[in-house]
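Let me begin by presenting the structure, written as structure tokens, before commenting on it.
The values are calculated or read from the model by the stated rules, or taken from the named source; none is laboratory data. The structure displayed is predicted, hence computed values, not measured ones. Note: ideal-geometry Cβ built from the backbone for every residue, glycine included; neighbour counts use all protein chains shown. Heads up: the accessible areas ignore ligands, DNA and RNA and are worked out on the full protein's heavy atoms, side chains in. Shrake-Rupley method; radii C 1.70, N 1.55, O 1.52, S 1.80 Å.
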Amino acid sequence: MTLSVQDVHTYYGRSHVLQGISLDVADGETVALLGRNGAGKTTTMRSIVGLTPARRGRITLDGTDITGLTTHRIARHGIAFVPSGRRAYASLTVRQNLALSIRRSSDSGGWTLDRVLETFPKLQQLSDRRAGHLSGGEQQMLKLGRALLSVPRILLLDEPTEGLSPAIVSDLGRWLGILKEEKITVLITEQNALFALKYADRGYIIEKGLVRHEAPASELRESTEIQRYLGVAASA
Ligand SMILES: Nc1ncnc2c1ncn2[C@@H]1O[C@H](COP(=O)(O)OP(=O)(O)OP(=O)(O)O)[C@@H](O)[C@H]1O
Ligand SMILES: [Mg+2]
């Protein structure tokens, strides 16, 4: 399942935000999308899932053109977008939130409610708690669990560590390790570039809506120039 973004241009009203982004995410890869605030990372993800549709360019999944499809149809192709911030149904319990995400499909992809609760035992303990009462880290875990139940082929994770304590960030790292073992394809954005690069195979640096640099994650991890540019907080 290769996701390919080719020369995508996206606008907010008249503001031309993505000015020809091109990137690829191959089957089983974890790819980091890095850049300063306002570079267009979130907009790239929103364009891929059709929330802010590309006005020009092409987005394909294994060669199938998904540009211009509705967000709902794109989700059915197996792309799950996990936005940053809190997004669960606050008044429902953890279990109810998870149950809502179960995709009834013959292609179950192996992620059942039981398996999610096994992978995130903390969710099991919290299963009767209302999502609105969860901590930031618990919410993040719930969002990941929900995304897995939607049977993703590709997960788009937008700043998963945002607002999380270091202990929870390290939990999140373990979950990313699990996703990698499961060969789930991941595109991840992070302010915490070193965190993303620890799990990524490759990375793209974007600036003003364009890819400026693409390199193996190992190279980006070692480049002081890139880290200075990104203003890396060495907290990973
Ligand atoms: N709803 C919106 N309406 C108008 N402009 C927007 C909107 N959302 C984002 N923008 C602008 O689009 C540009 C790209 O924003 P985007 O959120 O994609 O950046 P980002 O790389 O995700 O930044 P951050 O690291 O802060 O999350 C920015 O200049 C931003 O101000
Ligand atoms: Mg963003």
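Within region 6-23, work out how many residues are open to solvent by 70 Å² or more (accessible area, probe 1.4 Å) and within 20 Å of Leu179 (Cβ to Cβ).
Adding up the residues that qualify gives 0.
Select, from Leu187, Leu123, the only residue that is hydrophobic (A, V, I, L, M, F, W, C) and under 18 Å from the mean Cα position of the chain (by Cα). Don't jump to the end; show me each part of the working.
Values: Leu123 fails: under 18 Å from the mean Cα position of the chain (by Cα).
Of the residues listed, the single one that is hydrophobic (A, V, I, L, M, F, W, C) and under 18 Å from the mean Cα position of the chain (by Cα) is Leu187.
State whether one or more residues within region 205-223 are under 15 Å from the mean Cα position of the chain (by Cα) and either closer than 27 Å to His77 by Cβ or surrounded by fewer than 20 Cβ atoms within 10 Å (Cβ to Cβ) (or both). Please lay out each step first, then the result.
Let us first name the residues in region 205-223 that are under 15 Å from the mean Cα position of the chain (by Cα), namely none.
So far as region 205-223 goes, no, none of its residues is under 15 Å from the mean Cα position of the chain (by Cα) and either closer than 27 Å to His77 by Cβ or surrounded by fewer than 20 Cβ atoms within 10 Å (Cβ to Cβ) (or both).
Looking only at residues that are surrounded by fewer than 17 Cβ atoms within 10 Å (Cβ to Cβ) and assigned to a helix (DSSP H, G or I) in region 145-169, which one is nearest to ligand 1 (Cβ to nearest atom)? First the steps, then the outcome.
The first filter runs over region 145-169 and keeps only residues surrounded by fewer than 17 Cβ atoms within 10 Å (Cβ to Cβ), leaving 162-163, 165-167.
Filter once more, so that each one left must be assigned to a helix (DSSP H, G or I): 166-167.
Numbers: Pro166: 20, Ala167: 23 Å.
The selected residue is Pro166.
Kindly indicate whether Gly231 is on the phi > 0 side of the Ramachandran plot, in contact with a helix residue (DSSP H, G or I) (Cβ under 8 Å, 6 or more places away or on another chain), touching a residue at least 40 places away in the same chain (Cβ under 8 Å) and within 16 Å of ligand 1 (Cβ to nearest atom).
No.
Could you tell me which of the residues Gly78, Gly38, Gly57 is within 16 Å of ligand 1 (Cβ to nearest atom), small (Gly, Ala, Ser) and surrounded by 17 or more Cβ atoms within 10 Å (Cβ to Cβ)?
Values: Gly78 fails: within 16 Å of ligand 1 (Cβ to nearest atom); Gly38 fails: surrounded by 17 or more Cβ atoms within 10 Å (Cβ to Cβ).
Within the list Gly78, Gly38, Gly57, the selection yields Gly57.
For region 170-192, give me each residue that is within 19 Å of Thr43 (Cβ to Cβ) and within 16 Å of ligand 1 (Cβ to nearest atom). Spell out the reasoning first.
Narrowing region 170-192 to residues within 19 Å of Thr43 (Cβ to Cβ): 186-191.
If the condition is that a residue be within 19 Å of Thr43 (Cβ to Cβ) and within 16 Å of ligand 1 (Cβ to nearest atom), then Leu187, Ile188, Thr189, Glu190, Gln191 are the ones that fit.
Is at least one residue of region 122-144 surrounded by 19 or more Cβ atoms within 10 Å (Cβ to Cβ) and acidic (Asp, Glu)?
Yes; the residues of region 122-144 include at least one that is surrounded by 19 or more Cβ atoms within 10 Å (Cβ to Cβ) and acidic (Asp, Glu).
List, please: which pairs have Cβ atoms under 9 Å, are six or more places apart or on different chains, and start with a residue in region 150-169 that is closer than 19 Å to Glu138 by Cα and of a type in the set (S, T, N, Q) and end with one that is within 12 Å of ligand 1 (Cβ to nearest atom) and in a loop (DSSP other than H, G, I, E, B)?
Pairs found: Thr161/Glu190; Thr161/Gln191; Thr161/Asn192.
Restricting to region 42-54, what's the tally of residues that are open to solvent by 40 Å² or more (accessible area, probe 1.4 Å) and more than 16 Å from ligand 2 (Cβ to nearest atom)? Steps first, answer last, please.
Residues of region 42-54 open to solvent by 40 Å² or more (accessible area, probe 1.4 Å): 42, 46, 51, 53.
Imposing the further condition that a residue be more than 16 Å from ligand 2 (Cβ to nearest atom) reduces the set to 53.
Residues that pass the stated criteria total 1.
State yes or no: is Leu220 touching a residue at least 60 places away in the same chain (Cβ under 8 Å) and among the hydrophobic types (A, V, I, L, M, F, W, C)? Steps first, please.
Working: touching a residue at least 60 places away in the same chain (Cβ under 8 Å): yes; among the hydrophobic types (A, V, I, L, M, F, W, C): yes.
For Leu220, the condition - touching a residue at least 60 places away in the same chain (Cβ under 8 Å) and among the hydrophobic types (A, V, I, L, M, F, W, C) - is met.
Looking only at residues that are polar (S, T, N, Q) and more than 15 Å from the chain's Cα centre (by Cα) in region 16-47, which one is farthest from Tyr199 (Cα to Cα)? I'd like the intermediate steps shown before the answer.
As a first pass, look at region 16-47 and keep what is polar (S, T, N, Q): 19, 22, 30, 37, 42-44, 47.
Subset that is more than 15 Å from the chain's Cα centre (by Cα): 19, 22, 37.
Working: Gln19: 28, Ser22: 21, Asn37: 21 Å.
Selected residue: Gln19.
Starting from region 27-47, take each residue that is under 15 Å from Ala80 (Cβ atoms) and list its partners that are near ligand 2 (Cβ under 9 Å from one of its atoms), counting only C-beta distances under 6 angstrom and pairs at least six apart or across chains.
If the second residue must be near ligand 2 (Cβ under 9 Å from one of its atoms), the pairs left are Met45/Asp158.
Of the numbered conditions (1) small (Gly, Ala, Ser); (2) outside the structural domain of Val211 (by TED's automatic domain parsing); (3) within 16 Å of ligand 2 (Cβ to nearest atom), Ser91 fails exactly one; give the number of that condition.
Every condition holds for Ser91 apart from (3).
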